[in-house]
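The values are calculated or read from the model by the stated rules, or taken from the named source; none is laboratory data. Every value quoted in this text rests on a predicted model; they were computed, and no experiment measured them. Cβ: placed from backbone, ideal geometry, glycine included. Neighbour counts: every protein chain shown.
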Amino acid sequence: MEYQVVIPAAGRGKRMKADRNKLLLPLCSRPVIVHTLEVFQKDPNCQGIILVIQPEEEDIFSALLHEYQLTKVTGFALGGEERQYSVYNGVKKLYQADIVLVHDGARPFITDTIIHQLADTANDKGAAIAAVRVKDTIKRDVDGLVAETVERSSLWSVQTPQAFRVSVLAEAFQKAEADGFLGTDESSLVERLNWPIQIVEGSYDNIKLTTPEDLYFAEAIINKRKMKDN
């Protein structure tokens with residue numbers, strides 16, 4: 001199923017403790033964002049990428065797109081004060097798209113298999129998210145004391161991409177804007193439409209690079225994949 005993708009890349013990444021946008025940090029000699037974009041660049045089903053950035057970084061990203069021949073980036077959108085506003089700006093830039101994926105720029109290890117499952121499911125059902133089952137025991141607290149152990153068999157840790165029919169996601173953004181609602185992710189907006197959202201099982205390798213320690217895990221994943229390919 002053909003799709004377009006919106007990739008937020010405007011965050012400051014304070015927890016990464018870097019002196020620049022964390023997506024510009026090197027990961028095995030290439031910026032993090034290049035690893036992410038190349039997944040979609042190589043996917044024949046991807047018909048276009050909208051990159052959401054800070055305006056002062058446009059020259060930097062433009063140079064990277066040229067250097068690494070990332071020709072599927074069809075445009076930039078401006079980042080907002082919150083992720084929700086940034087993604088909405090990106091969705092408004094889509095051109096003749098039926099299916100849109102929203103994917104974190106800081107998740108460079110998504111696979112074609114999961115992407116295609118999400119796009120196909122969104123086309124069929126209207127909305128789909130990547131997620132993995134929670135492995136740790138989960139506790140609920142009250143004032144710092146354990147109140148209960150939460151049954152984890154039905155709990156999922158949500159990732160990206162999240163995939164939607166463009167019409168569904170646009171309606172969700174419009175309702176959130178009208179209601180003054182700020183969600184934690186795109187699917188939380190679609191939930192408010194009472195639209196069923198299908199879970200597609202993701203991968204534990206599909207980590208989001210958030211802290212300096214995550215870069216070590218990222219290098220390990222890259223090395224593991226190189227060994228598997230060899």
Can you spot a residue in the range 49-59 that is at pLDDT 95 or above and in contact with a His (Cβ under 8 Å, 6 or more places away or on another chain)?
-> no
Residues satisfying the stated conditions in the range 75-88, i.e. without any contact (Cβ under 8 Å) to a residue 40 or more places away in the chain and in contact with a strand residue (DSSP E or B) (Cβ under 6 Å, 6 or more places away or on another chain) | Gly75, Phe76
Count, please, the residues in the range 126-138 that happen to be in contact with a Ser or Thr (Cβ under 6 Å, 6 or more places away or on another chain) and free of Cβ contacts under 8 Å to residues at least 24 places away in the same chain.
-> 1
For the range 152-177, what are the residues that are among the acidic types (Asp, Glu) and either touching a Leu at 6+ places or on another chain (Cβ under 8 Å) or closer than 24 Å to Ser203 by Cβ (or both)?
-> Glu171
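Residues are listed down the side, and each one gets a yes or a no for (1) exposed (fewer than 12 other Cβ atoms within 10 Å of the Cβ); (2) out of contact with any Asp or Glu (no Cβ under 8 Å at 6 or more places or on another chain); (3) under 24 Å from Met16 (Cα atoms):
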| site | (1), (2), (3) |
| --- | --- |
| Ala122 | no, yes, no |
| Ala147 | yes, no, no |
| Leu155 | no, yes, no |
| Ala163 | no, yes, no |
| Asp179 | yes, yes, no |
| Leu189 | no, yes, no |
| Leu193 | no, no, no |
| Ile197 | no, no, no |
| Glu213 | yes, yes, yes |
Among the residues of the range 134-179, which ones are under 18 Å from the mean Cα position of the chain (by Cα) and basic (Lys, Arg)?
-> Arg165
Please work out which residue is farthest from Pro8 (Cα to Cα), limiting yourself to the range 69-79 and to residues that are outside any strand (DSSP E or B) and not charged (D, E, K, R).
-> Gln69
Is it the case that the range 126-145 has a residue that's surrounded by 13 or more Cβ atoms within 10 Å (Cβ to Cβ), of a type in the set (Gly, Ala, Ser) and not in a strand (DSSP E or B)?
-> yes
Would you tally the residues in the range 69-97 being of a type outside the set (Val, Ile, Thr), under 18 Å from Gln4 (Cβ atoms) and surrounded by 16 or more Cβ atoms within 10 Å (Cβ to Cβ)?
-> 11
What residue, among those in the range 14-68 that are of a type in the set (S, T, N, Q) and assigned to a helix (DSSP H, G or I), is surrounded by the most Cβ atoms within 10 Å (Cβ to Cβ)?
-> Thr36
Limited to the range 99-125, what total is found for residues that are in a loop (DSSP other than H, G, I, E, B) and hydroxyl-bearing (Ser, Thr, Tyr)?
-> 1
